[in-house]
1. Need the full-extension length gain, ASP37 to LYS20, defined as separation in residues times 0.36 nm minus the C-alpha distance. One decimal, nm.
2. Of all trypsin sites (Lys or Arg not before Pro) in the range 41-77, which ones are in loop regions per DSSP and have a Cβ with at most 16 other Cβ atoms within 10 Å?
3. Along the Cα→Cβ direction, 7 angstrom out, place labels at SER85 and SER13. What is the inter-label distance in nm?
4. With all protein chains present and a 1.4 Å probe, how do TYR110, TYR35, TYR122 order by accessible area, largest first?
5. What distance in nm separates the simple spin-label points at LEU180 and ASP95, each placed 7 Å from Cα in the Cβ direction?
6. What is the extension gain from LEU166 to MET109, computed as 0.36 nm multiplied by their sequence separation minus the C-alpha to C-alpha distance, in nm to one decimal?
7. For TYR118 and ASN55, compute 0.36 nm times the residue count separating them, minus their Cα-Cα distance, and round to one decimal in nm.
8. State whether the range 1-99 is rounded, prolate or oblate according to the following rule on the C-alpha gyration tensor (a ≥ b ≥ c being the square roots of its eigenvalues): a/c under 1.5 gives rounded; otherwise a/b larger than b/c gives prolate, and the remaining case gives oblate.
Amino acid sequence: MALVKSGWLWRQSSVLRRWKRHWFDLWMDGGLVYYPDETRRNIEERILLKFNCVNVKAGLECGDIQPPEGGDREALVTVDLRDQSRLLLCAESPDDAAAWKLALLDAKMYPVYVYDPYDDHYQAVPLNAHHAVYINPGYGGCGYGPGMTPVIIRDDPYRSTYGEQLALGMLAGAVTGSALGSLMWLPCWF
């Protein structure tokens with residue numbers, strides 16, 4: 001699975017409320033993983049944003065949260081989780097906080113599909129997909145050579161085809177026209 005964003009963020013602990021620096025990885029399947037350092041050997045926690053994230057705020061939207069010593073208030077990022085808990089983060093700069101917010105919202109919102117060239121179709125990527133999606137490089141049934149890798153595509157759930165938009169526009173126009181037409185003839189009856 002593709003890595004969307006990674007880097008250093010400060011995280012406030014939930015018990016002692018102390019800020020500690022962690023290395024964060026955001027995967028395209030919506031998994032947010034953080035480690036004690038950039039070697040990525042020991043996972044501290046993995047949060048599946050597609051199911052657990054309710055809202056993401058950045059900068060002054062975060063309210064009265066105090067940043068770590070020397071940190072900027074506009075560099076704060078909060079992730080509200082479904083279990084009523086909150087992940088409190090602080091980036092290096094306000095621009096980095098805005099970038100993290102957009103990346104987190106994208107990972108939360110958009111479904112991920114993988115193109116399988118052997119079957120010529122797209123399939124939805126399940127959770128933990130960066131551990132489970134494989135394509136056998138030795139398969140040569142369709143003329144694909146060894147070493148073929150899947151193409152990962154994000155689908156916009158708000159995208160619709162031109163025909164759907166045209167049909168909905170015509171329907172809305174017909175309903176509006178009939179409603180306004182009946183209103184125009186109403187004074188003639190009285």
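The values are calculated or read from the model by the stated rules, or taken from the named source; none is laboratory data. Predicted, not measured: the structure shown is a model, and the values here were computed from it. Here the Cβ is made from the backbone with ideal geometry for all residues, glycine too, and neighbour counts use every protein chain on show. Heavy atoms of the whole protein, side chains included, go into the accessibility calculation; ligands, DNA and RNA do not. Shrake-Rupley method; radii C 1.70, N 1.55, O 1.52, S 1.80 Å.
1. On the way: separation 17, 0.36 × 17 = 6.12 nm, distance 1.09 nm.
Answer, rounded to one decimal: 5.0 nm.
2. Numbers: sites: ARG41, ARG46, LYS50, LYS57, ARG73; in loops: ARG41.
Taking the range 41-77 and a limit of 16 other Cβ atoms within 10 Å, the loop trypsin sites (Lys or Arg not before Pro) found are ARG41.
3. Rounded to a tenth, the inter-label distance reads 1.4 nm.
4. Values: TYR110 55, TYR35 15, TYR122 125 Å².
Per-residue accessible area, sorted high to low, gives TYR122, TYR110, TYR35.
5. Distance between label points: 4.8 nm.
6. Details: separation 57, 0.36 × 57 = 20.52 nm, distance 2.57 nm.
Answer, rounded to one decimal: 17.9 nm.
7. Numbers: separation 63, 0.36 × 63 = 22.68 nm, distance 3.82 nm.
Stretched fully, the TYR118-ASN55 segment lengthens by 18.9 nm.
8. Details: a/c = 1.42, a/b = 1.25, b/c = 1.13.
The shape class here is rounded.
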